[in-house]
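The structure appears below as structure tokens.
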Amino acid sequence: MEKAQATRPDGTGADASANKDSVVCYCFNKTRGDLDASYKRCGSLAGVQAETRVGTNCGGCRLLLESMFGEAPGDILAMRGSPLTNSRFCVKPGTRIMKGFVAADHELDTLIYASNGVPPQFGNQDTTIPVEYALLDANGRRVTGRRFEWRTGETFCFDTSKVDIPRPLYGMFLFQIGRENYGASRFNLVWTNGVSSCSTHEVNDSGRPSVVLPLFADRAFLEGPNRVFVSVQNPHPRPIRLLFSLFDEANRPIAEFPIALDPGSTRWLDVNREFYGPALARAPSARVAMRIASDPVDVSQSPTIYFFFHNRNTGIWTANHL
Amino acid sequence: MIPDPESMSMVMLGGYLPPTDQYSTFIHLFPGNNAHAPWGTSGHFHFEVTVYVGGKETGRIASPICDEKGNIRVELNPAAEGPGKAVKGMFVVHSHHAREIPVEVYAFHIHKATGTYVSCNITPFIGDQLYPAVHSDQMENTLFWPGIIADQDNDPYSILVNPYDVAMGYQIHLITPEGETVHGESLKLRPKQSIEHSICGMFERYEADIRKRNGRYSFCVSSQYKLVTYFMLKNKPHQVIAMMDHLHNFCLA
């Protein structure tokens with residue numbers, strides 16, 4: 001199904017017209033190669049638009065045109081202010097530190113992947129940047145890490161099964177970039193037991209100081225195949241306190257459990273055993289849900305939270321972020 | 001209590017409905033999940049879900065109204081299937097929330113045979129009042145997923161949902177561990193339809209290497225306007241969705 005148009009990010013491959021088959025304008029089916037050729041003939045974006053009509057219908061490609069040819073399409077200024085089309089590229093100069101949860105124990109290992117790829121319509125761009133990563137343990141102490149130059153198009157991988165680290169380890173992975181260009185940034189996490197793998201992306205902090213694990217549990221759930229786990233992390237440079245509150249469907253409080261988190265620290269919690277079980281022991285016929293809130297509730301103290309389901313019958317782990 | 005429309009905002013979200021004979025799908029909304037600051041019980045939250053199968057609307061569900069202390073759960077399968085039918089499709093959620101406080105919405109898919117839970121964000125495709133430009137600001141018509149998992153137990157898929165009323169053009173691109181880009185065909189997704197693409201099937205010549213170098217390949221989806229896009233892993237031994245998460249833009253916001 002693929003056109004097998006492999007192009008190298010530095011343009012030095014067999015086909016130097018990098019990404020020429022990447023469609024830019026879907027309305028008129030014009031590729032990057034079509035538009036580059038048109039620009040050579042016309043010498044201006046206005047000329048390209050007159051010749052190919054790109055960017056004159058739905059407008060979805062106008063930002064790309066602006067980037068490709070260094071000038072705004074004729075009517076792009078008129079689009080400013082519209083929440084649907086007002087846009088600028090995601091150039092975000094400056095240092096950023098992304099964070100994610102790492103588990104390395106008797107059952108799970110964690111892999112981290114990031115690609116310094118370039119959006120295909122952009123063609124050749126140098127996206128080399130300095131990167132530093134670090135793995136912190138549950139107490140926020142550095143276990144390992146290094147600095148390197150991340151070259152254009154390179155894939156970064158960190159695999160807990162391939163490094164010498166103490167086990168069990170439940171910690172925080174930090175990935176610091178100095179981004180000044182159009183390259184990719186975000187990393188994904190994969191948790192695997194060798195048979196089942198699940199994946200989601202880094203979360204700097206939730207930005208939400210009070211969240212509910214979107215699930216009600218009752219006795220039948222506890223006796224069923226699913227175990228629920230959460231990782232909670234403090235991504236801030238100061239200590240935070242979290243309050244785990246169990247409540248029923250009528251929002252009546254059942255139990256509360258405070259937890260303190262030092263900067264950079266992580267807690268890996270068995271929700272069935274530590275929260276649902278004790279709450280259902282107090283209210284056996286209830287269906288209970290769990291809120292995780294900073295105490296006091298304050299957006300500047302939002303934790304980073306991932307939640308996991310483990311199915312005992314199949315061995316399958318699934319995960320997401322809150 | 002009927003909320004005052006002047007105090008409400010609305011955001012549109014889209015999601016994928018997996019096969020109804022295999023999965024029970026529901027949305028469970030806890031409005032308190034987006035509390036940017038402590039706030040009381042003055043807000044009202046509700047949503048309407050429209051389910052589409054094969055591009056045709058099969059049902060609409062209007063949720064009850066609740067405030068920040070409440071929650072709303074809505075089952076989607078009844079709106080998708082007629083008696084005895086097993087289908088898959090997509091849904092659009094019009095989520096009404098207290099002014100300037102949009103809510104994170106999760107769908108759960110429970111595999112009927114094994115009881116496996118998979119949760120998945122339902123993603124916005126049009127800006128909201130709190131972040132009016134965020135979904136267009138970051139060139140979200142090119143979305144990215146680093147780390148394609150593909151091994152003997154897991155098959156990778158890309159799921160696309162077109163929540164619009166017109167067909168949308170799109171292209172899937174494979175990015176090799178060395179940063180080379182392999183372009184898939186330019187395709188169109190009809191209005192209100194979803195599609196699963198096997199990544200190994202789409203890039204057949206690369207399948208052996210994708211599996212051999214498990215996780216080192218990445219992919220992205222470029223489209224006319226932002227489509228709702230997911231990366232999905234299917235566990236082969238149990239034929240169960242093991243994860244499904246939304247693609248993200250290349251850079252951090």
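Overview of results
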{"quantity": "For the range A:199-264 and the range B:162-189, distance of Cα centres in Å", "calculated": "37 Å"}
{"quantity": "Prolate/oblate/rounded label for the range A:131-226 (Cα gyration tensor, a/c 1.5)", "calculated": "prolate"}
{"quantity": "Backbone HN-Hα couplings from phi across the range A:287-299 [Karplus 6.51/-1.76/1.60, Hz, Gly and Pro as x]", "calculated": "10, 10, 10, 10, 9, 10, 9, 6, 10, x, 5, 7, 4"}
{"quantity": "Vicinal HN-Hα couplings computed from phi for the range A:19-24 (Karplus, 6.51 cos²θ - 1.76 cosθ + 1.60; Hz; Gly/Pro x)", "calculated": "6, 5, 8, 6, 6, 9"}
{"quantity": "Average other protein chain Cβ within 10 Å of Cβ, residues A:186-193", "calculated": "5"}
{"quantity": "Projected area, mean over directions - the range A:210-321, Cα convex hull, nm²", "calculated": "6.8 nm²"}
{"quantity": "Around B:Glu48: net Lys/Arg minus Asp/Glu count, Cβ-Cβ under 14 Å", "calculated": "0"}
{"quantity": "Test item: A:154-162 mean partner chain Cβ contacts at 10 Å", "calculated": "3"}
{"quantity": "Peptide B:168-176 - average C-beta neighbours from other chains (10 Å radius)", "calculated": "6"}
{"quantity": "Neighbourhood net charge (11 Å Cβ-Cβ; Lys/Arg +1, Asp/Glu -1) for A:Pro166", "calculated": "-1"}
{"quantity": "Packing-based ranking, highest mean first, of A:144-151, A:290-297 given that Cβ atoms within 10 Å are counted", "calculated": "A:290-297, A:144-151"}
{"quantity": "For B:Val240, distant residues with modelled amide H under 5 Å away", "calculated": "B:Asn235"}
{"quantity": "Cβ crowding within 10 Å averaged over residues, with B:154-167, A:245-258 ranked highest first", "calculated": "B:154-167, A:245-258"}
{"quantity": "Positive minus negative residues near A:Phe275 (Lys, Arg vs Asp, Glu; Cβ under 14 Å)", "calculated": "+1"}
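FYI, it's all coordinate maths here, none of it is from the lab. Treat the numbers as computed from the prediction; the structure is a model and nothing was measured. Every residue, glycine among them, receives a Cβ derived from its backbone with ideal geometry; neighbour counts consider all protein chains shown.
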